[in-house]
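Notes to accompany the following structure.
Where a number appears in this text, it was derived from the coordinates with a stated rule and is not lab data. Since the model is a prediction, treat every value here as computed from it, not as a measurement. Note that each Cβ is placed from the backbone with ideal geometry, even for glycine, and that neighbours are counted across all protein chains shown.
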């Protein structure tokens, strides 16, 4: 098993890609702390994947706040006994346009997509240092590699996360902490409609999805499990000399 005896934290873990990561990491031998704002969904996750065991613990946290990302790391470390891996996956689509931008929506998008990643990484390195190293994986997006006409705020946040990765991979290297970022294309998750369906009809949302899919060389959307597999590789010792990488999981979308 590729994560045997590893201690892993996954944020936004109760659904979609995060949930797929929890399931995969458990199968690969890790102990996992799942962090999410939805306490009910975390309870279902625990009851489904590890009802009677101690390999999955949970932390309910609002990562849009200043203290949420920081405290969630400390809480997770206390439950796990340390941290080897952080997949900082929290994020939201945010507002769809830039004209007449609502300040509160803008701040929320910045906080969840960018600040939570920065604050979480800033806290977790102390725990990884104690264990001789570790792996931090951020979730950005293809919209952090090429500009998104759908989501200018989201895209700018994800470009920032890619930049954060390239900076921290150098900052944390003396501590043997690797920092990488996975960049999925449009995915079959509950968040999909937040991109394609903002302020439009179901028919228009489907047309937008079809238009996007037509630009993907492999001709479909990415599945949550496929993103989790990429993150598993970045988390494991199989990628021991890989740091500072932005890894697209996009069916070739950014290769054009």
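Side notes on the structure shown:
- Anisotropy class of region 159-199 from Cα gyration tensor, a/c 1.5 cut: prolate
- Exposure proxy ranking, count of Cβ atoms within 10 Å, fewest first, for 149, 1, 17, 114: 149, 1, 114, 17
- When Rg and the Kirkwood Rh are both derived from Cα coordinates, the Rg/Rh ratio for the chain amounts to 0.95.
- Relative contact order (percent, whole number), region 103-159, Cα cutoff 8 Å, 6+ residue spacing: 43
- On the beta carbon distance between residue 233 and residue 256, with R0 = 41 Å, the FRET formula returns roughly 0.95.
- Where a label projected 7 Å from the Cα of residue 170 along Cα→Cβ would reach, residues of region 219-246 with amide N under 13 Å: 244
- Exposure proxy for 237, 50: other Cβ atoms within 10 Å of each Cβ, ordered fewest to most, give 237, 50.
- Percent of Cα pairs in region 1-126 per distance bin of 10 Å, from zero to the largest separation: 14, 44, 29, 10, 3, 0.
- Between residue 149 and residue 207, the simple spin-label model (points 7 angstrom out along Cα→Cβ) gives 1.3 nm.
- For residue 192 and residue 129, a Förster radius of 35 Å and the Cβ-Cβ distance give a FRET efficiency of 0.40, rounded to the nearest 0.05.
- Under Stokes-Einstein, with the Kirkwood radius over Cα pairs as Rh, the value for region 125-256 at 10 °C and 1.306 mPa s is 101 µm²/s.
- Fully extended contour minus Cα-Cα distance, from residue 79 to residue 223, at 0.36 nm per residue: 48.8 nm
- Compared with the alpha-carbon gap, the fully stretched path from residue 55 to residue 38 is longer by 4.1 nm at 0.36 nm per residue.
- Each of 256, 158 was scored by other Cβ atoms within 10 Å of its Cβ. Listed from fewest to most, they are 256, 158.
- Ellipticity at 222 nm from helices only: DSSP H runs of n ≥ 4 in the chain, each -39500 (n - 2.57), divided by the residue count, give -13000 deg cm²/dmol.
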